[in-house]
Amino acid sequence: MGVPSEDAYTRFVSAGFGRDLAKRLGLPQPAVLRRYSPHQPLLTGPVLVLGFSQQADAVASALLDWDLDVRRHATPKEKLGAMVLVLDDLSHPSDLAGPVLAAGASLRDLAASGRVVTVARDAAEASDPAAAAARAGVEGMLRSLAKELRAGATGNGIILHGEVDPSSASALGALRFLLSARSAFVDGQFLSVSIPEAVLPEDWERPLAGRVAVVTGAARGIGASIARTLHRDGARVIVVDVPAAGEQLARVANELSGTALQVDITAENAGDRILEHAGQRYGRLDIVVHNAGITRDKLLANMDPVRWNSVIAVNIAAQLRMNEAFLTSELFTDRPRIVSVASTSGIAGNRGQTNYATSKAGVIGLVGATARLLEPRGGTINAVAPGFIETDMTARMPFATREVARRLNSLQQGGRPEDVAETVAFLASGGAAGITGRTVRVCGQNLVGK
Amino acid sequence: MAPSASSPSSATPSSVTPSSAVPSDTDDRTASATSAPAGPAAPRDAVIIGGNRIPFARSGGAYTKASNLDMLTAALDGLVARFGLQNERIGEVAAGAVLKHSRDFNLTREAVLGSALSAETPAYDVQQACATGLETVLGLANKIKLGQIESAIAGGVDTASDAPIAVSEGLRSALLDLGRAKTTMQKLTILSRLRPKDLAPNAPGTGEPRTGLSMGEHQALTTAQWNISRAAQDELALASHQNLAAAYDRGFFDDLVTPYRGLVRDANLRPDTSLEKLAKLKPVFGRSLEAEATMTAGNSTPLTDGAATVLLGSEAWARQHDLPILAAVIDGEAAAVDFVHGKDGLLMAPVFAVPRLLARHNLTLADLDFVEIHEAFAGTVLSTLAAWEDEEFGKERLGLDGAFGSIDRSRLNVNGSSLAAGHPFAATGGRIVASLAKMLHEKGSVQGRPARGLISVCAAGGQGVVAILEAR
């Protein structure tokens with residue numbers, strides 16, 4: 001812990017002399033992001049829904065049901081909380097001009113920490129080349145648009161698979177997450193929705209009410225933050241960490257009225273021990289968050305077996321073994337959710353991290369292949385890939401390296417553990433029922449990788 | 001107090017209620033409890049749900065700056081975290097410390113207030129030297145059996161690092177008089193009484209007030225009396241270290257210990273010690289005796305800091321809270337010996353308590369699946385075993401037909417004991433009870449009956465407290 005709420009540079013350039021100086025020198029000007037807290041409004045202003053399909057109307061009416069101020073046409077000079085481009089009916093790239101240019105015309109009216117969300121169908125599933133080109137075009141357009149946004153605004157998209165419609169429950173669940181402040185550090189990303197059915201939360205403030213979650217590596221950092229967020233969203237939490245981290249783990253458990261389970265996840269019976277605890281104490285297990293992970297960085301030329309093997313054992317082999325136990329357990333059958341923490345290193349690679357990137361890319365592979373196994377149980381599995389997150393670990397990086405690393409994204413700042421936790425909590429909730437086998441980046445649209 | 005094995009049932013708590021064996025629940029667990037050997041029938045079971053302790057530190061080590069209150073609070077908080085007891089009102093918490101500051105007059109209640117438990121949890125302090133921890137378990141278990149409370153936390157803590165230091169009697173009496181003095185003249189007169197020697201502080205010792213001998217010197221007398229060899233003591237110490245290290249390695253303590261202040265395992269544990277290393281240590285006790293001095297720092301417990309807690313409850317309470325049930329507290333017995341006149345060794349009271357307790361339940365040493373004899377010194381354990389194996393002692397002192405019996409060493413302190421873990425006086429009872437309860441639960445049943453374990457703890461003042469636990 002002990003991570004400042006904003007880094008010193010962001011504070012300096014956010015007001016007064018610092019802001020003027022940064023502007024004159026053309027220095028990055030990261031914004032203070034609007035982050036989620038219960039009872040805050042979903043958006044800071046009206047939402048403009050663009051698109052000409054029937055589904056665009058259906059989405060607009062669904063947004064009205066959430067008590068949002070919905071516009072179908074822009075009112076000049078009116079500050080917008082968000083824009084939603086419903087593009088499910090594209091048949092040719094030329095179809096994009098209308099809605100995209102309309103969005104462009106309103107971009108200057110987008111409020112700080114505003115949202116742009118596209119909803120389009122999967123290019124690979126298009127029946128003809130023109131439709132595929134149009135659908136793929138949306139991705140290029142959105143990723144570029146996201147890089148043009150300022151003041152903490154983000155641009156993200158939803159990709160619909162199969163028969164999923166923009167106004168289906170699962171697409172709306174994803175849309176709500178992208179509109180909300182929960183997705184503050186998610187930028188330039190696409191959520192793939194492939195299952196239309198979803199049981200959306202009755203209470204959006206406590207979407208995990210009645211659920212029992214286990215979080216590994218929960219004694220500190222991102223894991224502790226995930227546990228806090230799941231608890232805030234209504235879940236009862238079992239926090240897991242190695243016995244050596246027990247003191248901090250107990251503190252987290254007591255803060256969250258949860259239970260602490262000291263277990264080394266690389267132990268042969270770790271999954272069984274978690275299930276035994278969950279069964280004894282809660283009679284069920286609904287959410288598993290594989291967060292525990294280690295780094296043992298070395299250039300491959302200098303890599304020794306201990307460093308390589310320990311990273312593989314903790315970061316990927318342990319998850320594989322534990323999942324086998326969960327997937328055969330009667331306790332884990334009510335719309336179960338698994339969320340794994342991957343890393344952008346696993347996507348883009350990182351010098352000195354062949355072992356770590358192997359394990360994290362492995363997580364992405366694991367998630368993709370496990371989705372099918374969870375389907376019969378009505379469950380999902382996904383990964384979250386954090387980019388540069390301000391933690392004790394990154395606080396130990398050399399100053400210059402850290403300064404560069406945290407500016408290398410569209411939001412020009414590092415994320416917070418809570419940002420990762422919010423996405424994990426979303427993927428664990430009913431709102432994400434349509435998403436499975438996917439990896440969601442929480443990186444502020446980091447320049448590296450996809 | 002002359003030990004006697006006669007009329008074992010006269011001093012039992014069964015007089016409290018008619019022994020009509022009322023099963024509180026109808027499930028098979030109660031049935032197995034009632035089929036236990038004859039003994040005082042408790043109105044209902046008191047069960048051990050689990051425990052938590054902090055790793056024990058050598059005095060002057062990791063917990064040098066930690067007070068008894070800090071450590072007991074940490075042990076409680078770890079227990080709360082393990083069992084999800086945040087804001088829970090526990091029936092009663094009892095704990096204590098042997099070395100205690102006067103400011104800690106309400107140590108346990110203060111620890112409760114500083115913990116994540118409900119502030120409405122009552123608490124009291126107990127002090128019975130090294131038997132404090134076990135006595136809190138027995139006292140609270142009795143309250144649960146009687147239906148006075150549904151849940152309880154027993155425990156103990158001690159610090160030799162943050163021990164109270166008292167002023168001399170001369171200074172203390174002068175300061176008290178000074179407070180009562182009215183005139184300047186009176187005050188000056190009082191101050192003039194003081195001499196430089198009065199300003200020297202009194203550090204606490206482990207010496208017996210009536211003999212002036214330290215505990216080690218007392219044990220040296222007993223060790224010599226029973227002809228316990230240096231080699232036998234070193235072997236016992238080695239086994240303690242090896243057993244404790246193996247238990248840690250297989251994760252046995254994962255749900256019994258919560259790290260504290262950076263300490264993850266007991267600091268006294270030496271997994272790599274050997275008979276050769278132990279043999280090199282110089283004797284520290286009994287050097288003025290005629291017999292060979294055999295007690296070293298290796299086969300004696302060091303001064304230790306630490307805290308331990310045990311969660312107890314009625315079966316119904318445990319089930320209502322979806323908590324595990326590891327074992328039941330069957331019965332306990334206290335004994336004391338006249339060490340002042342040299343009739344028995346200072347730490348030999350359990351030698352008398354155990355036969356009395358087992359007789360009450362128609363049990364022999366052979367009926368025990370695990371035996372936990374607190375290793376104050378290796379010599380204490382070995383003298384105890386020797387006395388039990390001695391025919392003459394059995395006849396003359398225990399009032400038996402012959403020797404009381406012997407203990408299968410493979411059942412003795414199988415996960416290590418105080419020689420390896422260390423011995424923060426009042427915390428030792430909680431350490432043993434929680435570990436034994438887990439061992440019994442893992443063992444389950446033996447020949448169709450629940451696994452059974454014995455705990456024996458010797459204490460200063462020539463006292464001893466022993467108890468029987470049974471698997472659930």
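Evaluated against (1) in contact with a Lys or Arg (Cβ under 7 Å, 6 or more places away or on another chain); (2) more than 26 Å from B:ALA95 (Cα to Cα), B:TRP388 falls short on exactly one condition, (1).
Take the conditions (1) more than 11 Å from chain B (Cβ to nearest Cβ); (2) in a loop (DSSP other than H, G, I, E, B); (3) surrounded by 24 or more Cβ atoms within 10 Å (Cβ to Cβ); A:GLY234 misses just one of them, which is (3). For first residues located in region B:344-367 and of a type in the set (Lys, Arg), partners that are surrounded by 20 or more Cβ atoms within 10 Å (Cβ to Cβ) and modelled with pLDDT of 95 or more and lie 6+ apart or on another chain with Cβ distances below 6 Å form the pairs B:ARG356/B:GLU333.
Looking at A:GLN280 and the list (1) touching a residue at least 40 places away in the same chain (Cβ under 8 Å); (2) out of contact with any helix residue (DSSP H, G or I) (no Cβ under 9 Å at 6 or more places or on another chain), which single condition is not satisfied? In the conditions (1) touching a residue at least 40 places away in the same chain (Cβ under 8 Å); (2) out of contact with any helix residue (DSSP H, G or I) (no Cβ under 9 Å at 6 or more places or on another chain), A:GLN280 misses (1) alone.
When B:THR304, B:THR309 are screened for being of a type in the set (S, T, N, Q), crowded, with 24+ Cβ neighbours inside 10 Å and within 14 Å of another protein chain (Cβ to nearest Cβ), only B:THR309 passes. The set of residues in region B:253-282 that are closer than 14 Å to B:SER417 by Cα and assigned to a helix (DSSP H, G or I) contains only B:PHE253.
Consider region A:87-109 and keep the residues that are among the hydrophobic types (A, V, I, L, M, F, W, C) and not in a helix (DSSP H, G or I). The one that is surrounded by the fewest Cβ atoms within 10 Å (Cβ to Cβ) is A:LEU90.
Listed conditions (1) over 25 Å from A:PHE52 (Cα atoms); (2) modelled with pLDDT of 95 or more are all met by A:GLU139, apart from (1). If you go through region A:399-406 one residue at a time, do you hit one that is of a type outside the set (Ser, Thr, Tyr), under 20 Å from A:ILE158 (Cα atoms) and in contact with a Phe, Trp or Tyr (Cβ under 6 Å, 6 or more places away or on another chain)? Within region A:399-406, none of the residues are of a type outside the set (Ser, Thr, Tyr), under 20 Å from A:ILE158 (Cα atoms) and in contact with a Phe, Trp or Tyr (Cβ under 6 Å, 6 or more places away or on another chain).
From the list A:ALA292, A:ALA317, the one residue that fits, being in the same structural domain as A:ALA224 (by TED's automatic domain parsing) and either part of a helix (DSSP H, G or I) or of a type in the set (Ser, Thr, Tyr) (or both), is A:ALA317. Within region A:72-95, not a single residue is at pLDDT below 95 and either among the aromatic types (Phe, Trp, Tyr) or assigned by TED's automatic domain parsing to the domain that holds A:ALA425 (or both). Checking B:GLU208, B:GLU235, B:GLU217 one by one, the residue that is closer than 27 Å to B:ALA97 by Cβ and surrounded by fewer than 20 Cβ atoms within 10 Å (Cβ to Cβ) is B:GLU208 and no other. One residue alone among A:ALA301, A:ALA325, A:ALA313 is out of contact with any Asp or Glu (no Cβ under 7 Å at 6 or more places or on another chain), modelled with pLDDT of 95 or more and either more than 30 Å from A:LEU408 (Cβ to Cβ) or of a type in the set (Lys, Arg) (or both), and that residue is A:ALA313. When region A:264-295 is filtered for residues that are more than 27 Å from the chain's Cα centre (by Cα) and on the phi < 0 side of the Ramachandran plot, the ones remaining, listed by number, are A:ALA267, A:GLU268, A:ASN269, A:ASP272, A:ARG273, A:GLU276, A:HIS277, A:GLY279, A:GLN280, A:ARG281, A:TYR282.
Within region B:73-118, the set of residues being in a helix (DSSP H, G or I) and either modelled with pLDDT under 95 or more than 22 Å from B:TYR63 (Cβ to Cβ) (or both) comprises B:PHE83, B:SER102, B:ARG103, B:ASP104. The residue pairs whose first member lies in region A:202-216 and is in contact (Cβ under 8 Å) with a residue 12 or more places away in the chain, whose second member is among the aromatic types (Phe, Trp, Tyr) and surrounded by 15 or more Cβ atoms within 10 Å (Cβ to Cβ), and whose beta carbons are closer than 9 Å, counting only pairs six or more residues apart or on different chains, are A:TRP204/A:TRP66; A:PRO207/A:PHE426; A:VAL212/A:TYR282. Among the residues of region A:415-426, are any in contact with a helix residue (DSSP H, G or I) (Cβ under 8 Å, 6 or more places away or on another chain) and farther than 19 Å from A:ALA342 by Cα? No, region A:415-426 has no match at all. For region B:57-87, which residues satisfy the criterion of being of a type in the set (A, V, I, L, M, F, W, C) and on the phi > 0 side of the Ramachandran plot? Matches in region B:57-87: none. Residues that are modelled with pLDDT under 95 and among the β-branched types (Val, Ile, Thr) within region A:373-406 comprise A:ILE389, A:THR391, A:THR394, A:THR401, A:VAL404, listed in sequence order. Taken over region B:252-267, residues that are under 19 Å from B:SER59 (Cα atoms) and more than 7 Å from chain A (Cβ to nearest Cβ) amount to 7. Counting only helices (runs of 4 or more DSSP H) wholly contained in region A:321-439, the ones carrying 1 or more residues that are farther than 27 Å from A:SER37 by Cα occupy A:345-348, A:354-374, A:399-407. No other residue among A:ALA56, A:ALA62 is at pLDDT 95 or above, assigned to a helix (DSSP H, G or I) and in contact with a strand residue (DSSP E or B) (Cβ under 8 Å, 6 or more places away or on another chain) apart from A:ALA56.
Residues in region A:240-251 that are more than 8 Å from chain B (Cβ to nearest Cβ) and not in a loop (DSSP other than H, G, I, E, B): A:VAL240, A:ASP241, A:GLN248.
Scanning region B:67-87 for residues that are more than 10 Å from chain A (Cβ to nearest Cβ) and farther than 22 Å from B:LEU138 by Cβ gives B:SER67, B:LEU69, B:ASP70, B:MET71, B:THR73.
All conditions in (1) at pLDDT 95 or above; (2) surrounded by fewer than 23 Cβ atoms within 10 Å (Cβ to Cβ) hold for A:GLU163, with the sole exception of (1).
When region A:252-269 is limited to residues that are part of a helix (DSSP H, G or I) and surrounded by 21 or more Cβ atoms within 10 Å (Cβ to Cβ), the one that is farthest from the other protein chains (Cβ to nearest Cβ) turns out to be A:VAL252.
Residues that are outside any loop (DSSP other than H, G, I, E, B), touching a Gly at 6+ places or on another chain (Cβ under 8 Å) and closer than 24 Å to A:ASP392 by Cβ: does region A:39-49 have at least one? No, every residue in region A:39-49 fails to be outside any loop (DSSP other than H, G, I, E, B), touching a Gly at 6+ places or on another chain (Cβ under 8 Å) and closer than 24 Å to A:ASP392 by Cβ.
Each row is one residue, and each column tells you yes or no for (1) under 28 Å from A:GLU148 (Cβ atoms); (2) crowded, with 17+ Cβ neighbours inside 10 Å; (3) in contact (Cβ under 8 Å) with a residue 12 or more places away in the chain.
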| site | (1), (2), (3) |
| --- | --- |
| A:ALA318 | no, yes, yes |
| A:SER329 | no, yes, yes |
| A:VAL339 | no, yes, yes |
| A:SER345 | yes, yes, yes |
| A:GLY352 | no, no, yes |
| A:GLY362 | no, yes, yes |
| A:PRO386 | yes, yes, yes |
| A:ASP392 | no, no, yes |
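The values are calculated or read from the model by the stated rules, or taken from the named source; none is laboratory data. On a predicted model such as this, the values are computed, not experimentally measured, just so you know. Positions of Cβ are generated from backbone atoms using ideal geometry, with glycine treated the same way; all protein chains shown enter the neighbour counts.
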